[in-house]
Amino acid sequence: MNKKGFTTIELIMSFIMVVIILTSLIGFTTAYRGKVNDEEVKSQLIDFKNTVLKAVYDDIIRYSVVRMSNCVGEDNCVNLVSRDGSVHTLKTFTDDNGVYIAYDNTKYKLPDSNLNKTYEETLDDGTTKVNVTDSACNITDFQYMNYKNKIFTTKITFKHYLIDEEYEILITIN
């Protein structure tokens, strides 16, 4: 009666335990990979925001910007006017290559704004249709506010479709 080996039940149970462990590891790594991608997108959006803010506020300090005004005949555009009368233009625009914030002669491209969101839709007849919509990252709002010619504020809001948070660039001159 000295049997050396495994019974069928022992082999099946071992196999089931290995499958359970592998399934949980795959779920964990998939969730972790998604978190890493989200954090990378957030980091890119924050870097973009900080780059634009640094360029604008450096000029506000360097040129002593005293007021803002709407650009004549253009939407989503403001002029920053300095004490010496020089004008610096901040605006947003979109072209075939993406969504941009332009400050003077420098264009800052929104991260992933040249990538399109895609999703699949199953039709009633069982076929699958792929839909392509807007850019992955878009400017959702551009506001210019003037408080009694003493405080001037411009707010540019942008959002990436993978992230639920909105990010904003807020420029205030008083």
From the options 31, 55, residue that is touching a Ser or Thr at 6+ places or on another chain (Cβ under 7 Å), free of Cβ contacts under 8 Å to residues at least 60 places away in the same chain, among the hydrophobic types (A, V, I, L, M, F, W, C) and in a helix (DSSP H, G or I): 55
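So that you can scan it fast, the table gives a plain yes or no per residue for (1) hydrophobic (A, V, I, L, M, F, W, C); (2) part of a strand (DSSP E or B); (3) modelled with pLDDT of 85 or more:
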| position | (1), (2), (3) |
| --- | --- |
| 99 | yes, yes, yes |
| 125 | no, no, no |
| 129 | no, yes, no |
| 133 | no, yes, no |
| 138 | no, yes, no |
| 153 | no, yes, yes |
| 170 | yes, yes, yes |
Residue within the range 36-45 that is in a strand (DSSP E or B), within 28 Å of the chain's Cα centre (by Cα), within 30 Å of residue 164 (Cα to Cα) and among the aliphatic types (A, V, I, L, M) present: no
Meets criteria (part of a helix (DSSP H, G or I) and not aromatic (Phe, Trp, Tyr)) for residue 14: yes
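The values are calculated or read from the model by the stated rules, or taken from the named source; none is laboratory data. Keep in mind it's a predicted model, so treat the numbers as computed, not measured. For neighbour counting, all protein chains shown are included, and Cβ atoms are generated from backbone atoms with ideal geometry for every residue, glycine included.
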